[in-house]
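The values are calculated or read from the model by the stated rules, or taken from the named source; none is laboratory data. In this text the structure is predicted, and so the values were computed from the model without any measurement. Reconstructed Cβ throughout: ideal geometry from the backbone, glycine too, with neighbour counts over all protein chains shown. Heads up: the accessible areas ignore ligands, DNA and RNA and are worked out on the full protein's heavy atoms, side chains in. Shrake-Rupley method; radii C 1.70, N 1.55, O 1.52, S 1.80 Å.
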Amino acid sequence: MCGRYELSSHPAVIALAFGLPHPPEIKPRYNIAPMQQVPIVRVNAAGERELVQVRWGFVPRWAKDPAIGARMINARAETVATRSAFRNAFERHRCLVPVTGFYEWQTTRSGKQPMHVGMPDRQPFGLAGLHERWLSHEGEVLDTCAILTTEACASLRSVHDRMPVIVPAAEYERWLDPSNADVGDLVTTWSGAPLHVYPVSTRVNAVRNDDAEVCEPIEIGDHHDALPEADAKHRERVSDHASDEDIEDTFPVQTTLF
């Protein structure tokens, strides 16, 4: 699943990377968590790209209680086109979630080791997202989003068996185009340049820690070796039964999200 990420790139770099008309007014954030306001890139009614803030935790239009969003931070690529909660948004309300990197937790002999994952050149990139607007009977408006996930690519497989869907920059226009529903080939495992993966401090486990130190690389000893293949397969069997469309998973770190 994808339960934490960072966006620390300069606003001008973000604007250039995502084809925005002007740099967004945002500050660096190093530990972004579910149920927080997050920036997404989408196409507005005028056909222009815009960066807006929405809450991370998808609330379908038909939901009676917006609290359901806490359990819908991710959408599985394998079922997003057919699951009722996401089907409409996948057809019409796709977005990009700009990130400089995301975090995954590797199972080691000494516990869960947080790892930072990003591009080798540290440039920002777009995760495949869905956005939706929920209206209450009292007229309350709530804009929310979810991040799509898929099987991990080769450079990440030793860390976790799932990862967020990364949209290639050359495909941003097609992914964002609400008139084009033929995007199933884009919700797949990353096949571009090998991702840069390195260990970071367990300070990232607590959402209150939101500073540059959170995503700085650290050195770890031999006792932090990843579990052997047999234990890794057990982890995969556990994840088969746990949906990454739900905020809970087998990692204890998830208890510190809120």
- Select from region 32-73 the residues that are loosely packed, with under 13 Cβ neighbours inside 10 Å and of a type in the set (F, W, Y) and list them in ascending order. W62
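How many of the residues in region 27-51 are out of contact with any strand residue (DSSP E or B) (no Cβ under 9 Å at 6 or more places or on another chain) and over 15 Å from A15 (Cβ atoms)?
Of the residues in region 27-51, the ones out of contact with any strand residue (DSSP E or B) (no Cβ under 9 Å at 6 or more places or on another chain) are 27, 45-48.
Applying the additional criterion that residues be over 15 Å from A15 (Cβ atoms) yields 45-47.
Residues flagged as out of contact with any strand residue (DSSP E or B) (no Cβ under 9 Å at 6 or more places or on another chain) and over 15 Å from A15 (Cβ atoms) within region 27-51 amount to 3.
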- Note on the structure: Residue hits (region 132-190; free of Cβ contacts under 8 Å to residues at least 40 places away in the same chain and among the polar types (S, T, N, Q)) are S179, N180, T189
- Note on the structure: Contact list, first residue from region 28-46 and at positive phi, second anywhere and open to solvent by 50 Å² or more (accessible area, probe 1.4 Å) and among the small types (G, A, S), beta-carbon distance below 6 Å, six or more apart or interchain, is none
- Considering each residue of region 186-222, count those that are open to solvent by less than 50 Å² (accessible area, probe 1.4 Å), assigned to a loop (DSSP other than H, G, I, E, B) and either in contact with an Asp or Glu (Cβ under 6 Å, 6 or more places away or on another chain) or more than 20 Å from L7 (Cα to Cα) (or both), and give that number. 4
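Have a look at T144, T150, T107 and point out the one that is in a strand (DSSP E or B) and modelled with pLDDT under 95.
Values: T144 fails: modelled with pLDDT under 95; T150 fails: modelled with pLDDT under 95.
Being in a strand (DSSP E or B) and modelled with pLDDT under 95 holds for just one of T144, T150, T107, which is T107.
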- Item | Per-region count, region 117-140, residues in a strand (DSSP E or B) and either under 29 Å from A12 (Cα atoms) or at pLDDT 95 or above (or both) | 12
